[in-house]
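Each reported figure results from applying straightforward, stated rules to the coordinates on display, with no laboratory input. Values in this document were obtained by computation on a predicted structure and should not be read as measured data. Counting neighbours? That spans all protein chains shown, and the Cβs are built from the backbone with ideal geometry, glycine included.
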Amino acid sequence: MSLNDIEAVPVNFTDPSREGAGCHAGKDVLLDAAKAAGKSDILDKYAQTYPAGPHDQPQSMCPAFGSLRVGLRMERTATILSGSACCVYGLTFTSHFYGARRTVGYVPFDSETLVTGKLFEDIREATYKLADPDKYDTIIITNLCVPTASGVPLDLLPDQINGVRIIGIDVPGFGVPTHAEAKDVLAGAMLKYARTEVEQGPVSAPANRRKDLPAITILGELFPADPMSLGMLLEPLDLACGTVVPTRQWRELYSALDGAAVAAIHPFYSASVCEFQKAGRTIVGSAPVGSDGTADWLDSIGEACGIASSKIAAAKNQFLPMIKETLTSAPIDARLIISGYEGSELLVARLAVESGAHVHYVGTACPATPWSASDAQWLENKGVVVKFRASLEDDLAALNEYKPDLAIGTTPLVQEAKSRAIPALYFTNLISARPLMGVIGAGSIAQVINAALKNRDRFAQMKEFFDGVGEGDTAGIWEQKPVARPEFSAQYAKKLAKQADQRKSTATQ
Ligand code: SF4
C-alpha cells in the first residue's frame, strides 16, 4: 500500500459545535471520532484488556506518561510523540522532572495536516530520518488523544527501517484508563514484537543473562533493592530472579519471554501477560510481602516451576521467622486508609496489616485482575474494604467514613487530609519508592508511616493557627476581608449547567 492509498478520515475540529475538541471535547466526542476514523479495533481491544469502572477517565496525570516513561528508560530507543502541543509540553516536562535525560521527539500538526492526512506522512518522514541503526534498536511512536481520534494510522508504518524496529501505539486518555495500564500498552507491544522475532529464528542473548539457574521473569517496575530480595527468596528453590519487565534493553525482552515462569508483581500488565501466555509461560500473581504473602508466593512459584515441596518448606523455614521478627520489631499502631494508582496498593496494605496497622480501606485506580485476586481476598478476610478502579470520590468517602490516623494516597487525597489536620503521605513518592519484598521490605514502610504519625500534633497546631483564614472561594490575598456571596455562586452555577446542557445537546445532534 502506498501513502496515496491511505484514506484520511478526519475529525472536523473546526466545526463550531465541537469547539475546543481535542483536550476539552470530552470522552464521548473523542471516542466517537476515533471509531469513525477507523480505530474501533484498537479501542475495543483496550476496552476488553482494561475494563473500565467508575474510574474510566484519568483523574490523575495523562495516561500516556506511563508508556512514555517505559520507552524513555530503554537504552538505544527513540521516542516520538504525536499530539497537541499542550499535551506534549506537559508530558515532556513531567518526563524531565522525573530525570528522563533523553530527547522526546515531536511531530507537530495543525488542522490542515490533521485533516488532509499529511500528519501521517510527517510522522513517517520523521521516523525514516531517525532510523539510524548505529544509534537505535527501536523507535516508538505514540499517538495521543487527537491523532488517535483522527485515525492517524500508525499501524501502516513499516515494521522496521534499516534494521531499526518501529513500534506505533495509540495511547489516548479516552481509551487507556490509567498511566499504569499505558505502561502495559507499550510493554505488551514490545513483547509481541520480540515474541514474533523469536518465532522467526535465533535472536541475540542479552549480555547479563543468567545461565546457571532457571530464572523467574518479574513483571512490574520495582524499587531497585526488590529484585535482590526476590533473588534471595528464590535461591533455596534453585531459581534466580530474572529479567524485570518493562526492560531497559531490547534483548532483555527475549530473556523475559524465556523465563521459567512470570511473577506478575504488578497485576495490571494484562497485555504483557497475554504475550507471556502465548509464549507458554505460567503466570503467578501477588508478591512476597510480609509473612503470609511470602509463604503463599513461595508455594505458587514452587508449584509453577515443579519444585519439590521439601525445598519450598526449607525456604519458608529460612525466611518466614526473619520476616516475622522484623515486622514485630517495627510495629504500626494506627488506623490507615491507602489509595493510589501505581498498582502496588494492595501489597502495601498487606504489609501494613501484617505490621499491626488497622487498614480500613484500600483503593486502587487499577482494575481487578486474576493476579490481584488473592491479595484482595486476603485483605477482605482481614476486614479491609478493597476498591478497584477507585475514584477520588471513593477515597474521600473513605476519609470521611473512617477518619483515619493517617491517609496514604494521591495528591488530592493528601491535600484534603492535611487540610483536616490528618497526617498524610504521598503513595507515589514516599511509599512506592521503598522496598516491599522479602526480609528487607518487611520493616520499610513502618519507618516512614510512624514518622508521619508523629506529625499529628504539629498538624493540629497548624490548623489552630490558620483557623479563620479563608477557604475555597474566600482563599487567597484580598485587600478587604472577603464577603461570601452565595447568591452569585448559585447564579453562576446555573449558567455553567446551562452551558453544559447546550454542549451536550449539540454533541448529540
Ligand atoms: S493526550 Fe493526555 S493530556 Fe492530552 S488530552 Fe489526552 S489525556 Fe489529556
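Below 8 Å, C-alpha to C-alpha, sequence gap of six or more: please give me the relative contact order for the range 331-464 in percent.
Details: 232 pairs, mean separation 34.0, N = 134.
Rounded, it is 25 percent for the range 331-464.
Projecting label points 7 angstrom from Cα along Cα→Cβ for E121 and T474 puts them 6.1 nm apart. For the listed peptides 219-226, 490-497, a ranking on the average number of other beta carbons within 10 Å per residue, highest first, reads 219-226, 490-497.
Under the 0.36 nm per residue contour assumption, what length would be gained going from the current alpha-carbon distance of E380 and Y89 to full extension?
100.6 nm
Let me see the pair-distance distribution of the range 215-322: every alpha carbon pair, 5 Å bin width, integer percents in order. The distribution over the range 215-322 is 2, 13, 25, 26, 19, 10, 4, 1, given as percents.
Per residue of the chain, what 222 nm ellipticity follows from adding -39500 (n - 2.57) for every DSSP H run with n ≥ 4, rounded to the nearest 500? The helix-only estimate for the chain comes to -14000 deg cm²/dmol at 222 nm.
Which values of log₁₀ I(q)/I(0), to two decimal places, follow from the Debye formula for the chain at q = 0.10 Å⁻¹ with a uniform point scatterer at every Cα? Per q value, in the given order, log10 I(q)/I(0) is -0.87. Overall, the range 101-151 carries a charge dipole of about 200 debye about its Cα centre when +1 sits on the Cβ of Lys and Arg and -1 on the Cβ of Asp and Glu, all other atoms neutral. Farthest toward the positive end of the dipole of the chain, out of T116, G343, V146, is the Cα of G343, where the dipole comes from beta carbon charges about the Cα centre. Close Lys pairs in the range 331-464 (alpha-carbon distance under 22 Å; sequence gap of 8 or more, or different chains): 8.
If you count, for each residue, the other Cβ atoms within 10 Å and average over each peptide, how do 450-459, 146-155, 480-489, 333-342 line up from highest to lowest?
Values: 450-459: 14.3, 146-155: 25.3, 480-489: 9.1, 333-342: 23.3.
Sorting 450-459, 146-155, 480-489, 333-342 by mean packing, highest first, produces 146-155, 333-342, 450-459, 480-489.
Stretching K35 away from A47 to a fully extended chain increases their span by 3.0 nm, per 0.36 nm per residue minus the current alpha-carbon distance.
Dipole orientation for the chain: of the candidates A308, T410, Y106, T410 has the Cα lying most toward the positive pole (charges on Cβ; Lys, Arg +1; Asp, Glu -1).
Counting only C-alpha contacts under 8 Å and six or more residues apart, can you give the relative contact order of the chain as a whole percent? Mind dumping the intermediate values first?
On the way: 899 pairs, mean separation 64.0, N = 509.
Computed value for the chain: 13 percent relative contact order.
So how many Lys-Lys pairs in the range 111-204 land under 24 Å Cα to Cα, not counting same-chain pairs under 8 apart? The number of close lysine pairs in the range 111-204 is 4.
Could you give the length gained on full extension between S204 and V448, defined as 0.36 nm per residue of separation minus the Cα-Cα distance, in nm? Could you put the intermediate results ahead of the total?
Values: separation 244, 0.36 × 244 = 87.84 nm, distance 4.32 nm.
Here the segment from S204 to V448 would lengthen by 83.5 nm.
Charges only on Cβ, +1 for Lys and Arg, -1 for Asp and Glu: so what's the dipole of the range 215-322 about the Cα centre, in debye to the nearest 20? Walk me through the numbers on the way to the answer.
Numbers: 6 positive and 11 negative charges, 38 e Å.
Charge dipole of the range 215-322: 180 debye, to the nearest 20.
Using a/c under 1.5 as the rounded threshold, could you call the range 157-228 rounded, prolate or oblate? The axes a ≥ b ≥ c are square roots of the C-alpha gyration tensor eigenvalues, and prolate needs a/b larger than b/c, oblate otherwise. Taking the square roots of the gyration eigenvalues as a ≥ b ≥ c, the range 157-228 is oblate. Note on F488 and S505: their simple-model spin labels are 2.9 nm apart, each label 7 Å out from Cα toward Cβ. Simple spin-label estimate for K135 and S329 gives 5.2 nm between the two label positions (7 Å along the Cα-to-Cβ direction from each Cα). Fewest neighbouring Cβ atoms within 10 Å first, the residues F466, F268 line up as F466, F268. Taking only the alpha carbons of the range 331-464, we obtain Rg and Dmax values of 13.7, 47 Å in that order. Once backbone amide H atoms are built at 1.01 Å from N, D170 has N143 as its partners under 5 Å, excluding neighbours fewer than 5 places away on the same chain. At what distance in angstrom do the alpha carbon centres of the range 82-144 and the range 368-446 lie from each other? That distance is 35 Å. The alpha carbon radius of gyration of the range 291-401, expressed as a multiple of 2.2 N^0.38 Å, is 1.18. Applying the Karplus relation 6.51 cos²θ - 1.76 cosθ + 1.60 with θ = phi - 60° to the range 257-264 yields 3J(HN,Hα) values of 5, 8, x, 5, 6, 10, 9, 7 Hz, where x marks Gly and Pro.
Residue by residue, the range 111-121 carries 3J(HN,Hα) couplings of 4, 5, 5, 6, 6, 8, x, 5, 4, 4, 4 Hz when phi is fed to the Karplus relation 6.51 cos²θ - 1.76 cosθ + 1.60 (θ = phi - 60°); x denotes Gly or Pro.
In percent, how large is the relative contact order of the range 261-400, given Cα pairs closer than 8 Å and 6 or more residues apart?
Values: 215 pairs, mean separation 31.3, N = 140.
Normalised by residue count, the contact order of the range 261-400 is 22 percent.
Take the Cα coordinates of the range 443-509, assign each an equal point scatterer, and use the Debye formula without solvent to give log10 I(q)/I(0) at q = 0.21, 0.22, 0.29 Å⁻¹. For the range 443-509, the Cα-only Debye profile gives -0.95, -0.99, -1.13. The charge dipole of the chain, taken about its Cα centre with unit charges on the Cβ atoms of Lys, Arg (+1), Asp and Glu (-1) only, comes to about 660 debye.
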